[in-house]
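> My structure is below; once you've seen it, I'll send some questions.
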Amino acid sequence: MAEGNEEARAVFPHKHLLGIEGLARRDVEMILDTADALRGITLRRIKKVQTLRGRMVVNAFFENSTRTRVSFEMAEKRLSADSVNIQASGSAMAKGETLLDTLQNIEAMRPDMVVIRHSCSGAPHFLARHLSSNVINAGDGHHEHPTQALLDALTIRHAKGTLERLEVAICGDIMHSRVARSNAHLLRLFGSRVRVAGPQTMIPRGVEEALGVRVCRSLAEAVEGADVVMMLRIQKERMGADLFPSDREYARCFGLTRDLLRGAKPDAIVMHPGPMNRGVEIAPDVADGERSVILGQVENGVAVRMAVLYLLAGASELPAE
Amino acid sequence: MRIEVRNGRLIDPARGMDEPRDLFLAEGKVAAEAPPGRLDRSLQADRVIDAKGRWVVPGLIDLHVHLREPGEEYKETIDSGLRAAAAGGFTAVACMPNTTPPNDDRSVTERILRQAGRVRGARVYPVAAITVGREGKHLTEFGDLLEAGAVGFSDDGHCLADAGLFRRALEYARSFDALLLQHAQEPRLTVDALAHEGTRATRLGLRGWPRVAEEAIVARDLLLAGYLDARYHVQHVSSAGTVELIRAAKARGIRVTAEVTPHHLWLTDAAVEDYDTNAKVNPPLREEHDRAALRDALRDGTIDCIATDHAPHSVLEKKIEFDRAAFGIVGLETALPLGLKLVRDRVLTPLRLFETLSTAPARVLHVPGGRLAVGDPADLTVVDPERPHRIDPDAFVSLGRNTPFAGYEVPGRAVATVVGGEVVFELS
């Protein structure tokens with residue numbers, strides 16, 4: 001822990017958190033170590049420190065999200081940051097204002113950080129070029145969701161004691177998944193190996209090279225010998241786009257069951273970024289089973305987001321325990 | 001105006017000529033030609049252009065330009081576009097019909113020509129829509145449009161994907177020996193597509209525009225064009241596979257021609273890294289082996305022409321999220337400088353460069369120009385091949401600034417442009 005504190009006191013070398021791609025392994029370690037240090041706060045009776053007092057964070061969620069938004073808000077409140085939320089509906093954007101105008105108007109009110117969730121890949125990168133605030137990507141299109149990958153990493157580290165040399169299966173709709181991309185980038189930094197599986201309609205071209213993963217022909221092949229099995233949410237609207245024929249078929253061919261999980265390592269953990277479609281990509285008894293760390297992921301989400309806010313704010317000292 | 005162009009190096013690909021020559025222009029035509037200083041002394045010029053150290057070439061012809069007027073005059077006008085063309089060394093451009101209203105009937109064609117007649121700039125050759133409203137349902141009045149001045153037909157921006165209708169269009173065009181220009185993009189394979197489908201798009205989370213969406217249409221069209229013996233032109237070829245299809249079709253004697261843009265000759269999808277909307281273009285920038293194949297095809301004649309697909313947009317369409325940004329790159333004022341860079345890099349000879357920028361487009365469109373023998377139109381460009389500079393969008397005459405080439409070092413540019421014996425552009 002002493003070493004962790006050393007690193008946490010170092011300055012985080014990035015102004016924004018736009019993606020995992022572009023981070024170094026030590027950057028990820030700094031965030032995870034800081035998250036571990038901050039996690040204690042969430043276990044106290046009074047779950048609040050003064051660290052970001054007087055800082056203003058804007059949560060700009062232009063795409064529906066409950067979990068991630070609440071997680072960020074909770075992280076902000078626990079660090080005593082002030083925060084405001086803007087959403088696509090009801091914002092000036094619904095009246096035809098451009099994204100940049102909306103954010104530049106908000107920036108004129110001098111916030112310190114902007115957390116952005118947007119359905120367009122690259123939207124946070126576009127804003128980061130034009131805003132002076134710190135920009136945190138809370139999910140952009142099909143591109144990245146860095147805080148999700150970080151909270152997944154924290155969860156894996158707690159369960160496995162390491163992020164190195166693990167076999168990780170990521171299964172489902174890889175094509176549209178920013179979670180898969182961010183996780184693959186992160187795990188690669190630590191020398192872990194990622195296999196992906198899912199309907200071939202949802203395995204994007206060149207994914208092996210793009211993300212450094214191995215494509216498996218079946219869920220069973222992906223799960224075989226895995227330390228971690230990460231299931232992705234299947235969005236029902238993909239059925240309309242003929243990416244898979246039916247829920248029933250999806251559950252039969254690409255859903256994780258207790259039976260399939262027997263192929264994984266005996267101490268394998270099961271993860272899901274939520275929200276889950278129980279009985280489609282994951283059987284209820286697996287979601288609630290002893291291997292599942294799904295609720296732990298959610299808990300770690302707050303700690304990881306606190307760490308990111310804290311490090312980007314450039315705060316120099318961790319709050320005293 | 002009677003003009004003597006003196007001391008230049010005349011590059012006239014139609015005659016395979018690349019020699020020092022003086023030209024005398026009168027009554028809108030090339031009136032005389034002679035080795036340096038040997039023009040008939042009785043010819044009295046109103047002005048002399050000293051082209052010492054410069055190249056004198058047949059005026060450049062761009063067979064793929066968006067002038068945006070009528071309808072989107074904040075992006076470009078016929079006036080600004082034709083002056084930008086002249087500043088880039090072009091003496092004529094073919095303008096695409098995706099305006100508002102679209103150029104799908106005589107009144108729009110006439111309006112464009114009337115407006116262009118008031119501009120001191122390049123000539124314009126309107127390309128009319130193949131289908132009414134560019135909707136892919138009913139053919140436009142080809143005969144009437146040709147009579148009004150249209151030089152060919154395209155639904156550019158949209159692919160005419162309906163095989164039955166495209167067959168009828170090719171057949172009907174034969175009645176007039178008219179040219180059809182296809183924007184080859186199978187729409188069902190490119191729904192919401194944003195960038196070349198491959199490793200980079202996968203990593204960036206951008207929906208893919210696969211090569212096969214272009215190749216599938218070109219393959220089908222080539223079969224139809226061969227079957228019907230119709231004239232068929234492939235716009236903005238982007239993939240190595242399309243090159244192969246065209247090469248094979250030409251070998252079989254199918255009457256196909258093709259163009260490639262400067263951006264596909266110079267860039268790959270690496271340009272969309274960082275979500276640079278100035279590199280968002282349709283068809284998308286592809287991979288290195290496509291770029292190499294396009295260069296080879298331009299060199300060996302499989303691809304006939306360089307065409308810019310000059311597509312001006314304002315910041316309204318470009319300074320926004322990548323997904324929502326418009327497709328398109330401006331090209332009128334960068335095509336020649338980038339072409340000269342191809343010569344400097346020994347990709348093309350000077351003769352081949354000006355064949356692809358002038359002689360071939362004139363031949364494809366069946367329009368005058370593209371050659372500078374006595375009796376030909378006095379449409380010419382004086383090029384300074386040794387005038388190194390960096391591309392500066394703020395210096396463009398075009399209203400469009402959307403280019404991924406800002407800051408590119410290029411070897412030279414046009415210094416004078418003559419249309420019909422009148423100087424329409426001269427670098428001050």
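We did not get these values from a lab; they are worked out from the coordinates using the rules stated. The structure displayed is predicted, hence computed values, not measured ones. When we count neighbours, we look across all protein chains shown, and the Cβ atoms used for this are built from the backbone with ideal geometry, even at glycine.
> Grab the other residues whose beta carbon is less than 14 angstrom from that of B:Glu321, score K and R as +1, D and E as -1, and report the net.
Net local charge, B:Glu321 excluded: -2.
> Then there is this: Using a Gaussian network for chain B with springs between C-alpha atoms less than 10 Å apart, which of these wobbles most: B:Arg54, B:Arg413, B:Arg324?
Answer for the Gaussian network model of chain B: B:Arg324.
> Ok, one more. Would you give the gap between the C-alpha center of region B:297-344 and the C-alpha center of region A:21-58, rounded to a whole Å?
Cα centroid of region B:297-344 versus Cα centroid of region A:21-58: 47 Å apart.
> So for region A:114-190, considering every pair of alpha-carbon atoms, how many percent are separated by more than 14 Å?
Considering region A:114-190, 63 percent of its Cα-Cα pairs are separated by more than 14 Å.
> Can you sort B:Tyr74, A:Tyr250 from fewest to most other Cβ atoms within 10 Å of each residue's own Cβ?
B:Tyr74, A:Tyr250
> Got a sec? Charge dipole of chain A, +1 on Cβ for Lys and Arg, -1 for Asp and Glu; which of A:Gly206, A:Val115, A:Tyr250 is way out at the positive end?
Highest projection toward the positive end goes to A:Val115.
> Do any of B:Lys52/B:Lys341; B:Lys29/B:Lys75; A:Lys15/B:Lys280; A:Lys15/B:Lys319; A:Lys236/A:Lys265; B:Lys29/B:Lys250 go past 25 Å between their Cα atoms, and which?
Check vs 25 Å cut-off fails for B:Lys29/B:Lys75; A:Lys15/B:Lys280; A:Lys236/A:Lys265; B:Lys29/B:Lys250.
> At what distance in angstrom do the alpha carbon centres of region B:54-71 and region A:160-174 lie from each other?
Result: 55 Å between the Cα centres.
> Classify region A:104-148 from the C-alpha gyration tensor, please: rounded if a/c falls under 1.5, else prolate or oblate depending on whether a/b exceeds b/c.
prolate
> While we're looking at this one, here's another question. For a quick check: with amide H placed at 1.01 Å from N, whose amide H comes under 5 Å from A:Val114's, ignoring anything fewer than 5 positions away on the same chain?
Those qualifying (amide H under 5 Å, at least 5 residues apart or on another chain) are A:Val58, A:Asn134, A:Val135, A:Ile136.
> What percent does the relative contact order of region B:322-428 come to when contacts are Cα pairs within less than 8 Å and at least six residues apart?
For region B:322-428, the relative contact order is 28 percent.
> Nearest 10 degrees, 0 to 90: what angle lies between the long axis of helix B:163-174 and the longest principal axis of chain B (Cα atoms)?
Helix B:163-174 sits roughly 30 degrees off the main axis of chain B.
> Looking at chain B as a GNM with Cα springs under 10 Å, which of B:Ala395, B:Ala178, B:Ala195 has the largest mean-square fluctuation?
Highest fluctuation among the options: B:Ala395.
> Follow-up. Can you tell me the orientation of helix A:146-160 relative to chain A, as the angle in degrees between its alpha-carbon axis and the longest Cα principal axis, to the nearest 10?
That helix lies at roughly 60 degrees to the long axis.
> In percent, how large is the relative contact order of chain B, given Cα pairs closer than 8 Å and 6 or more residues apart?
20
> Considering region B:59-365, what Rg and Dmax in Å follow from its alpha-carbon atoms?
17.8, 51
> Let's test this: bin the Cα-Cα distances of the protein assembly as shown at 10 Å from zero up to the farthest pair and state each bin's percent.
3, 13, 20, 20, 16, 13, 9, 4, 1, 0, 0
> Another question, then. For A:Glu208, B:Glu321, what ranking results if the residue with the fewest other Cβ atoms within 10 Å of its Cβ goes first?
If I rank by nearby Cβ atoms, fewest first, I get A:Glu208, B:Glu321.
> Something else: Under 10 Å, Cα contacts only: if you run a Gaussian network model on chain B, which one of B:Phe142, B:Phe176, B:Phe405 comes out with the highest mean-square fluctuation?
B:Phe176
> Would you mind counting up the charge near A:His158? Only other residues with Cβ under 15 Å from its Cβ, with Lys and Arg at +1 and Asp and Glu at -1.
-4
> If you don't mind, another one. Just to confirm the number: angle between the C-alpha axis of helix A:294-313 and the first principal axis of chain A, 0 to 90 degrees, nearest 10?
Helix A:294-313 sits roughly 30 degrees off the main axis of chain A.
> What whole-number distance in Å separates the alpha-carbon centres of region B:186-218 and region B:241-288?
Here the answer is 13 Å between Cα centres.
> Karplus couplings for region B:304-309 from phi (6.51 cos²θ - 1.76 cosθ + 1.60, θ = phi - 60°), rounded to Hz, Gly and Pro as x?
In residue order, the calculated couplings are 7, 9, 8, 10, 7, 6 Hz.
> Using Cβ counts within 10 Å as a stand-in for footprinting exposure, how do A:Glu290, A:Glu97, A:Glu73, B:Glu215 rank, fewest first?
In increasing order of surrounding Cβ atoms, one gets A:Glu290, A:Glu97, A:Glu73, B:Glu215.
> Right, next: With a cap of 16 neighbouring Cβ atoms within 10 Å, and only residues DSSP puts in a loop, list the GluC sites (Glu not before Pro) found in region B:1-52.
Taking region B:1-52 and a limit of 16 other Cβ atoms within 10 Å, the loop GluC sites (Glu not before Pro) found are B:Glu27.
> Normalised by the number of residues in chain A, what is the relative contact order in percent for Cα pairs under 8 Å and 6+ residues apart?
With pairs under 8 Å counted, the relative contact order is 21 percent.
> Something else: Could you tell me the ratio Rg/Rh of chain A? Both radii from Cα atoms, Rh via Kirkwood.
Expressed as Rg/Rh, it is 0.97.
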